[in-house]
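Taking it in order: structure first as structure tokens, then the write-up.
The values are calculated or read from the model by the stated rules, or taken from the named source; none is laboratory data. Model, not experiment: these values are computed from the prediction. Here the Cβ positions follow ideal geometry from the backbone for every residue, glycine too, while neighbour counts run over all protein chains shown. When the accessible area is computed, the model is the full protein with side chains, heavy atoms only, and any ligands, DNA or RNA have been set aside. Shrake-Rupley method; radii C 1.70, N 1.55, O 1.52, S 1.80 Å.
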Amino acid sequence: MPPTASASASAIVAETASGYHHLKIRGYSSLKAIPSGQGLISGPFTVGGHRWRILYYPNGNQAESAGHVSVYLYLDENVDKEVMARFQFGFKAEKRGLFFLKKAKPAAVTSAGAQSFASQGSWGYPKFVQWNALEKSKHLKGDSFTIRCDLAVLKRVRIEGTAQEAAPKFVDVPPSDLKQHLSGLFLAGSGADVVFEAGGETFPVHRCVLAARSPVFSAELFGSMKEGSANDLVRIDGMEAQVFKALLCFVYTDSLPEMGKEEEDAMCQHLLVTADTYNMERMKLVCEDKLCKHINVGTVVNILALAELHGCPGLKTACIHFLSSPANLRAVMASDGFEHLSTTCPSVAKELIAMSSAP
């Protein structure tokens with residue numbers, strides 16, 4: 001009698017988190033005046049523990065896709081490990097659910113499988129729909145239509161069917177408290193080896209910490225002052241003490257200090273300029289994100305000028321999105337701030353004029 005064959009089984013299981021987001025486009029015909037390559041950005045939404053946005057290009061994301069609507073899924077955060085996700089874009093039908101136009105895919109990639117998103121990465125469809133096709137379709141009603149993005153994020157892959165049991169847990173490791181320790185080091189000033197002066201106040205700090213966080217500080221503190229002592233004094237001209245203190249808070253803790261709503265707008269404008277000056281990209285992005293929440297008729301001109309002068313494409317897109325409303329655009333162009341914008345950023349002023357004259 002032949003020996004009995006043993007049987008076993010296992011499974012590879014992909015755990016995913018799914019969701020969808022609706023992006024309503026109002027004033028479709030007016031938005032067509034925006035030049036190719038310039039996009040608008042949706043509000044944030046969370047799927048799979050990650051923050052996402054949709055990038056909407058009314059006239060294509062590049063010259064080759066002019067005359068088309070381009071749509072991209074954008075990972076709006078920094079990640080240590082790339083995020084795997086599957087997604088597709090389509091139109092939201094009014095009564096019959098969803099009609100998918102195309103599965104989203106990046107240029108030069110034909111696979112419809114999962115895509116890998118790096119920090120601030122995006123994948124999408126440069127020719128999602130041609131203007132003529134959209135305008136003849138049932139999806140465009142009252143100069144508006146709605147895009148739906150369905151998204152499935154791969155959280156982890158596990159193996160089922162193994163006989164091993166989970167090892168017992170004897171020790172609970174608490175969260176990292178490095179931020180609290182560095183904050184205490186800054187507040188106490190223990191071991192400080194250089195002093196900065198800004199706005200009439202002095203700040204004893206640790207040159208190694210500043211140099212590690214900013215290449216500009218590194219060049220200043222370990223270049224011309226390489227052999228300096230604890231008595232070295234570095235003067236910062238043209239910066240208020242509270243702005244420099246907020247900068248140091250971010251240097252030591254990777255976060256901005258708590259601010260009231262009334263002061264956050266002005267403070268973040270100053271800090272964005274400061275972050276650009278000291279080449280601190282994450283701090284710059286944090287300021288951009290906060291300023292997006294303060295865009296209104298009274299602030300948009302200043303914020304738009306800052307975005308243009310300091311290379312902030314996401315913040316500029318948010319301003320253009322706000323100004324896509326004809327009422328907002330008219331109010332801004334009638335203000336004194338628009339004259340100032342015409343002087344400091346003439347190319348941006350021309351874009352707004354073009355938007356106002358679009359049918």
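What the pair-distance distribution of the range 31-92 shows, using all Cα-Cα distances binned every 10 Å from zero, is 20, 44, 29, 6 percent.
Once Rg and the Kirkwood radius are both taken over the C-alpha atoms of the range 297-349, their ratio Rg/Rh works out to 0.92. If you plug the beta carbon distance of Gln120 and Ala241 into 1/(1 + (r/R0)^6) with R0 = 41 Å, you get a FRET efficiency near 0.80.
Applied to the range 308-313, the Karplus parametrisation 6.51 cos²θ - 1.76 cosθ + 1.60 on θ = phi - 60° returns per-residue 3J(HN,Hα) values of 5, 6, 10, x, 10, x Hz, with x for Gly and Pro. Grouping the Cα pair distances of the chain into 10 Å bins from zero gives a pair-distance distribution of 4, 19, 24, 22, 17, 10, 4, 1, 1, 0 percent in increasing distance order. The modelled label-to-label distance for the pair Phe222/Glu281, using points 7 Å beyond Cα in the direction of Cβ, is 1.9 nm.
Annotation: amide H of Leu40 within the under-5 Å range of Tyr56, Tyr57, sequence separation 5 or more or interchain, hydrogens built in the peptide plane.
Projecting label points 7 angstrom from Cα along Cα→Cβ for His22 and Cys208 puts them 5.6 nm apart. The modelled label-to-label distance between Leu187 and Asp336, using points 7 Å beyond Cα along the C-beta direction, is 4.2 nm. Taken one residue at a time, the phi angles of the range 185-191 give Karplus couplings (6.51, -1.76, 1.60, θ = phi - 60°) of 4, 5, 5, 7, x, 5, x Hz. Gly and Pro are set to x. The HN-Hα couplings worked out from phi for the range 153-161 by the Karplus form 6.51 cos²θ - 1.76 cosθ + 1.60 (θ = phi - 60°) are 9, 6, 8, 6, 10, 10, 9, 9, x Hz, whole numbers, x standing for Gly and Pro.
Amide H contacts for Phe196 (H built 1.01 Å from N in the peptide plane; partners 5 or more residues away or on another chain; cut-off under 5 Å): Phe203, Val205, Val234. Taking the 1.4 Å solvent-accessible surface of the chain as the whole, the part contributed by carbon and sulfur is 53%.
Can you tell me the accessible area per residue over the range 303-359, all protein chains present, probe 1.4 angstrom, in square angstrom?
I get 47 Å² per residue for the range 303-359.
Enclosing the Cα atoms of the range 238-359 in their convex hull gives a volume equal to 105 cubic angstrom per residue. Comparing Pro175, Pro44, Pro215 in a Gaussian network model of the chain where C-alpha atoms under 10 Å apart are linked, the largest mean-square fluctuation is found at Pro175. On full extension, the segment bounded by Ala11 and Ser255 gains 83.6 nm, given 0.36 nm per residue less the C-alpha separation.
Two decimals, Cα atoms only, Kirkwood Rh: what is Rg/Rh over the range 155-224?
Rounded to two decimals, Rg/Rh equals 1.34.
Which net charge results for the neighbourhood of His294, defined as the other residues with beta-carbon distances under 10 angstrom from its beta-carbon, given Lys and Arg at +1 and Asp and Glu at -1?
Numbers: positive: Lys261, Lys290, Lys293; negative: Glu264, Asp265.
Neighbourhood net charge equals +1.
Comparing Asp80, Asp150, Asp336 in a Gaussian network model of the chain, where Cα atoms under 10 Å apart are tied by springs, the biggest mean-square fluctuation is seen for Asp80. Kirkwood radius, the range 191-292, all distinct C-alpha pairs, inverse of mean reciprocal distance: 14.0 Å. Taking only the alpha carbons of the range 12-66, we obtain Rg and Dmax values of 15.1, 50 Å in that order.
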